[in-house]
Amino acid sequence: HSFPTRRSSDLLGYLFCRFNATVVPAIFVGSRELRCVAPQHSAGWAALEVTGNALDFTDSASSFTFLPLVITDIYPLRGPTTGNTSLLVTGGHFGLHLNLLCLIGSLSTQALVINATQLRCITPAATPGNAAVALTMSSASTNVSNSFFFEYEPPMELLRVLPRSEEHTSELQS
């Protein structure tokens, strides 16, 4: 889209992109290029329009495609019911989303995005058994799950030590 010939500094505070109904600030990157950060959105396309006066948006029928979250693996597959296991989730498009949550069973925990294909979640405490692992955006109802399960196991207990004692002899050498 072309804007009337004006200095970019004249438009500061007036440049915006609109993804469907969500408006976000934009900045000039070059004489014919604007940059804006896409808001969180469920997977699919959104109408994309821009404005140079904060009032009149283009009507160009441009679109922007939001990529879906994908889970391809989790590690480890099990941990204690006491929680606090660092769960590595591998997949795709993680770096494109802010405020991701891991859903482990019915409990949620904040996701720490490492890069576009990996994130970490700390498992909450839960009862023994399998819990489905899914991802969701905190501001949207969309979630993704690829049938991965984390197994909660009771913590290990030390029942007894055998033998109870052992004789130690030491020899001094001169």
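Between Ile27 and Thr85, the modelled labels are 4.3 nm apart [label points 7 Å from Cα along Cα→Cβ]. Extension gain for Arg160 to Val37 (0.36 nm times residue separation, less C-alpha to C-alpha distance): 38.4 nm. Coupling constants for region 47-55 follow from the phi torsions by the Karplus curve (6.51 cos²θ - 1.76 cosθ + 1.60, θ = phi - 60°), and in residue order they are 5, 10, 9, 10, 9, x, 10, 6, 10 Hz; glycine and proline get x. Rounded to the nearest Hz, the phi-derived 3J(HN,Hα) couplings of region 36-43 under the Karplus curve 6.51 cos²θ - 1.76 cosθ + 1.60 (θ = phi - 60°) are 9, 8, 5, x, 5, 6, 5, 4, where x marks glycine and proline.
Annotation: amide H-H contacts under 5 Å for Val70 (H modelled 1.01 Å from N, sequence separation of 5 or more, or interchain): Gly92. Note that region 18-58 carries a Kirkwood radius of 11.1 Å, evaluated over its alpha carbons pair by pair.
Read the figures in this text as sums done on the coordinates, not as results from a lab. Here the structure is a predicted model, which is why all the values come from computation and not from measurement. Counting neighbours? That spans all protein chains shown, and the Cβs are built from the backbone with ideal geometry, glycine included.
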